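Novice: Below is a structure I'd like to ask you about.
Quick note: the coordinates plus some simple rules give every number you see, no bench work behind them. Because the structure is a prediction, the values reported are computed rather than measured. Here the Cβ positions follow ideal geometry from the backbone for every residue, glycine too, while neighbour counts run over all protein chains shown.
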Amino acid sequence: MQYPLKNHSFAPQARSSFLLILCGILLSFCISCSDSDPSDSNSSSSVPSSSSTSSTTTTTTAPTTTAPSSPSSSTPSVPAPTPTPEPPSLPPACQEISNTVRFVAVGDTGKGNQGQIDVAAGIEKVCREQGCDFVVLLGDNIYESGVSSVDDPQWLTKFEDPYRNINVPFYAVLGNHDYGGNGAGNEFNKGPIEVAYTQKSTKWKMPASYYRYTTSAVDLFALDTNVMLFDHDIDAQKTVLASWIAQPMATWKIALGHHPYWSNGPHGNAGQYDGVALRGYQVQRFIEQNVCGQVDLYLSGHDHSQQWFTNNCQGTEFAVSGAGASPTTVNTNNPTLFQSATLGFLYIEATSVNCGKTNSLQATFFDSAGQVSFSRTLTK
Ligand SMILES: [Zn+2]
């Protein structure tokens with residue numbers, strides 16, 4: 001019973017307090033209305049800006065620059081979560097691939113003499129120091145008249161023994177001496193014997209009298225130029241070479257043949273071999289019609305020297321590497337970047353790369369002591 005009386009006795013004071021609070025709220029509201037009058041030029045609270053006066057506003061409303069408002073919401077409810085910006089998209093990284101092939105190219109080797117043994121020692125040294133995947137023999141593999149069978153003892157004295165310390169495959173092309181006749185090249189049954197020896201030797205590789213050998217960086221097209229001199233197999237080689245070139249399987253394309261296009265040695269240029277007009281014109285015509293502009297490099301032997309020619313034929317460069325056993329002289333009939341009448345060999349390192357990087361082919365003439373005589377680098 002005392003509680004109502006007690007409460008009642010306090011009622012007038014509570015009403016007064018309530019009225020005072022209500023007046024205060026109304027007064028505050030009126031002040032606020034006055035402050036937000038847009039006609040008041042001193043007011044900035046309603047103008048979003050980067051000034052300190054806007055900071056209050058921006059903390060109570062959703063950020064407009066990064067958080068899009070929800071079109072379905074009419075009330076400023078919980079601000080939408082700020083999405084994490086996506087990182088700028090980058091092009092997919094190129095998976096770099098690099099293939100390098102290293103090989104020796106040398107011709108006119110098969111004499112079984114001290115010169116062949118000396119050059120073999122130089123090849124062995126460079127291959128041991130720099131690496132070799134294989135050797136190319138550029139013809140006249142067995143002097144003076146080729147072999148009579150796969151069991152001919154010359155295989156040992158003029159190939160297996162001189163190169164016994166070079167344990168890589170030897171890919172060979174046929175020269176005029178391989179076809180007999182003391183270099184006349186007219187014993188046509190002798191070429192196939194060298195092809196057949198591929199089945200007997202672990203090192204000798206001649207899958208056919210003309211063939212393709214493709215590596216990861218170099219496509220090699222081995223030709224039989226000796227039979228061209230007798231008008232044999234010209235169209236067949238033209239057709240198959242065109243098909244190989246039409247479907248390249250490596251960055252670098254190199255044609256191999258025993259007979260040179262240009263040469264400053266005693267045999268001379270194709271079409272003028274041995275100073276006889278039209279001799280070798282079949283080789284000259286074949287190269288001009290089927291090799292020029294189609295391959296990066298044409299390698300040959302026949303003359304026993306080292307030559308790299310200044311000129312090219314529609315971009316195809318020419319080199320002679322025939323100093324594999326017995327050197328012969330050189331003249332100045334054709335301009336050369338380098339020529340030498342001493343024993344030696346050519347060493348090639350070809351690299352094939354992707355991702356827009358530059359492919360390189362470095363060709364280096366070494367002497368029989370394994371010393372560098374000349375180096376040339378092709379790029380593309
Ligand atoms: Zn020859």
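Novice: Determine which residues of the range 267-290 fall in the zone a paramagnetic label at ASP233 would reach in this model, i.e. backbone nitrogen under 11 Å from the point 7 Å along Cα→Cβ.
Specialist: Nothing falls inside the zone, counting backbone N under 11 Å.
Novice: If packing is taken as the average count of other Cβ atoms within 10 Å, what order do 355-361, 90-96, 106-112 fall into, highest mean first?
Specialist: Values: 355-361: 13.7, 90-96: 7.1, 106-112: 27.1.
Taking the mean over residues of other Cβ atoms within 10 Å, the ranking is 106-112, 355-361, 90-96.
Novice: Using 0.36 nm per residue, how much length does the chain from LEU156 to GLN371 gain when fully extended, once their Cα-Cα distance is taken away? All intermediate terms of the calculation are to be shown ahead of the outcome.
Specialist: Working: separation 215, 0.36 × 215 = 77.40 nm, distance 2.76 nm.
Full-extension gain reported as 74.6 nm.
Novice: Using a 10 Å cut-off on Cβ atoms, rank the peptides 199-209, 161-171, 304-314 from the highest mean neighbour count down. Show your work: numbers first, answer last.
Specialist: Working: 199-209: 15.5, 161-171: 17.5, 304-314: 19.3.
Packing order, densest peptide first, comes out as 304-314, 161-171, 199-209.
Novice: Provide the FRET efficiency to the nearest 0.05 for the LEU90-CYS355 pair, computing r from the beta carbons and using R0 = 22 Å.
Specialist: Working: r = 15 Å, r/R0 = 0.67.
Working from the Cβ atoms, E equals 0.90.
Novice: Could you go through the range 152-157 in sequence order and give the Karplus-derived ³J(HN,Hα) for each residue, using 6.51 cos²θ - 1.76 cosθ + 1.60 with θ = phi - 60°, rounded to whole Hz, and x for Gly and Pro?
Specialist: With the stated coefficients, the range 152-157 comes to 4, x, 4, 4, 6, 6 Hz.
Novice: Follow-up question, since we're still on this one. Could you work out the pair-distance distribution P(r) of the range 142-245 from its alpha-carbon pairs, with 5 angstrom bin width and percents rounded to whole numbers?
Specialist: 2, 13, 21, 23, 19, 13, 7, 1
Novice: Explain nothing, just the number: dipole magnitude of the range 98-379 about its Cα centre with +1 on each Lys and Arg Cβ and -1 on each Asp and Glu Cβ, in debye rounded to the nearest 20. Don't jump to the answer; show the numbers that get you there.
Specialist: On the way: 17 positive and 26 negative charges, 118 e Å.
Value, rounded to 20: 560 debye.
Novice: Kindly write out, for the range 204-216 in residue order, the coupling ³J(HN,Hα) from the Karplus curve 6.51 cos²θ - 1.76 cosθ + 1.60 (θ = phi - 60°), rounded to whole Hz, with x marking Gly and Pro.
Specialist: 6, 10, 9, x, 6, 6, 9, 6, 10, 10, 9, 10, 5
Novice: What fraction of the DSSP beta bridges in the range 98-379 is antiparallel, stated in percent and rounded to the nearest 5? Provide the component values of the computation, followed by the final result.
Specialist: Working: 35 of 56 bridges.
Close to 60 percent.
Novice: Further question on the same structure: Tell me, SER340, SER375 in order of fewest to most beta-carbon neighbours within 10 Å? Could the numbers behind the result be given before it?
Specialist: Numbers: SER340 18, SER375 13.
Listing SER340, SER375 from fewest to most nearby Cβ atoms yields SER375, SER340.
Novice: Looking at this model, which pairs from LYS203/LYS380; LYS125/LYS190; LYS125/LYS253; LYS158/LYS380; LYS125/LYS203 are more than 29 angstrom apart at the alpha-carbon? Before the final figure, lay out each step's value.
Specialist: Numbers: LYS203/LYS380 32 Å; LYS125/LYS190 33 Å; LYS125/LYS253 27 Å; LYS158/LYS380 38 Å; LYS125/LYS203 18 Å.
With Cα atoms farther than 29 Å apart: LYS203/LYS380; LYS125/LYS190; LYS158/LYS380.
Novice: Something else: Using the 2.2 N^0.38 Å rule of thumb for compact globular proteins, work out how the range 337-380 stacks up: its C-alpha Rg over that value, please. Kindly include the intermediate steps, with their values, before the conclusion.
Specialist: Values: Rg = 12.8 Å, N = 44, 2.2 N^0.38 = 9.3 Å.
In units of the globular-protein estimate, the range 337-380 measures up at 1.38.
Novice: Using only the Cα atoms, work out Rg/Rh for the range 98-379, with Rh taken as the Kirkwood radius, to two decimals. Please report the intermediate quantities before stating the final value.
Specialist: Values: Rg = 17.0 Å, Rh = 18.3 Å.
That ratio is 0.93, to two decimals.
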